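The values are calculated or read from the model by the stated rules, or taken from the named source; none is laboratory data. This structure is a prediction, so every number in the text was calculated from the model and none was measured. Cβ sites come from the backbone with ideal geometry, for glycine too, and all protein chains shown count toward neighbours.
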Amino acid sequence: MFDRPSVLPTLGVLLAISVLVLGGYGWWNLRNQSTVMGVGDEKASPNGAFIARASAMWRESSAQRADEEWYEFTIIRKSTGHTVATRRIDLPGNVPALPFDADRMIFWAPDSSEVTFTDGANPICTLPVPQRK
């Protein structure tokens, strides 16, 4: 009666296009991933309620991103594990990040009101402990 073209070639073309698009997206996504890594140390506050954590972080370069290095300083409430204060300091490209040693680089105020992070000789950052409301 009617001459109807087969739908099979059309489905084959759609399948081929789908494979190319999804494969291309997967390749692009893998190519643009980067890995974040870090090393650090932590020290409990004198009153035992908080933990100060200092980390030297870096991201390896990928096709679309340059290498990055930064310090990450964090105060964590020990009872809940929640972060109560944090600060990130980006490092210039020619300054390598230092690995932190808690005994030489993390100093709590005697009343646990703040913590100072140093490079072993000079202060890098001081974080106050936020007061509970």
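Could we say that residue 6 is modelled with pLDDT under 70, of a type in the set (Ser, Thr, Tyr) and more than 17 Å from residue 106 (Cα to Cα) here?
Numbers: modelled with pLDDT under 70: yes; of a type in the set (Ser, Thr, Tyr): yes; more than 17 Å from residue 106 (Cα to Cα): yes.
Against the criterion (modelled with pLDDT under 70, of a type in the set (Ser, Thr, Tyr) and more than 17 Å from residue 106 (Cα to Cα)), residue 6 qualifies.
Is the stretch 98-106 home to any residue that is of a type in the set (A, V, I, L, M, F, W, C) and more than 17 Å from residue 41 (Cβ to Cβ)? Looking through the stretch 98-106, none of the residues is of a type in the set (A, V, I, L, M, F, W, C) and more than 17 Å from residue 41 (Cβ to Cβ).
Of all residues in the stretch 71-122, those being at pLDDT 90 or above and not hydrophobic (A, V, I, L, M, F, W, C) number 18.
Among the residues of the stretch 82-130, which ones are of a type in the set (Phe, Trp, Tyr) and without any contact (Cβ under 8 Å) to a residue 12 or more places away in the chain? Walk me through how you get there before you give the answer.
Here is the first cut: in the stretch 82-130, the ones of a type in the set (Phe, Trp, Tyr) are 100, 107-108, 117.
If the condition is that a residue be of a type in the set (Phe, Trp, Tyr) and without any contact (Cβ under 8 Å) to a residue 12 or more places away in the chain, then 107 is the only one that fits.
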